[in-house]
1. Can you tell me which residues in segment 58-71 are modelled with pLDDT under 85 and assigned to a loop (DSSP other than H, G, I, E, B)?
2. Name the single residue that is nearest to Arg72 (Cα to Cα) among those in segment 23-60 being in contact with a Leu (Cβ under 8 Å, 6 or more places away or on another chain) and without any contact (Cβ under 8 Å) to a residue 12 or more places away in the chain.
3. Has segment 11-28 got any residue that is touching a Ser or Thr at 6+ places or on another chain (Cβ under 9 Å) and either at pLDDT 85 or above or surrounded by 11 or more Cβ atoms within 10 Å (Cβ to Cβ) (or both)?
4. For residues in segment 50-69 being loosely packed, with under 11 Cβ neighbours inside 10 Å and hydrophobic (A, V, I, L, M, F, W, C), which is nearest to Gly22 (Cα to Cα)?
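The values are calculated or read from the model by the stated rules, or taken from the named source; none is laboratory data. Just so it is clear, the structure is predicted and the values come from calculations on it, not from any experiment. Note that we place each Cβ from the backbone using ideal geometry, even for glycine, and neighbour counts take in every protein chain shown.
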Amino acid sequence: MNEGATHVPAETDTPSYLSGFGNEHQSEAVPGALPKGQNSPQQAPLGLYAEQISGTAFTQPRHVNRRTWVYR
């Protein structure tokens with residue numbers, strides 16, 4: 001970013017919060033990159049492939065398992 005450049009928020013700018021605890025959110029760098037209605041399709045959009053990352057221990061019950069889907 002340019003050192004002299006600043007962003008002056010307009011009155012219409014509303015912050016986009018990801019509120020809540022334990023909720024699931026999604027974001028995409030390229031529009032249309034996320035598959036619609038499913039986590040791991042046979043063929044993902046834009047030639048991407050799905051990877052599931054888990055942050056919980058292997059011995060945890062399934063209902064407490066926290067995971068994330070990453071498309072690369």
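1. Listed by number, the residues that qualify are Phe58, Asn65, Arg66.
2. Filtering segment 23-60 down to residues in contact with a Leu (Cβ under 8 Å, 6 or more places away or on another chain) leaves 25-26, 28, 30, 32-33, 45.
Filter once more, so that each one left must be without any contact (Cβ under 8 Å) to a residue 12 or more places away in the chain: 25-26, 28.
Values: His25: 18, Gln26: 15, Glu28: 11 Å.
Looking at residues that are in contact with a Leu (Cβ under 8 Å, 6 or more places away or on another chain) and without any contact (Cβ under 8 Å) to a residue 12 or more places away in the chain, I get Glu28.
3. no
4. The extreme case among them is Val64.
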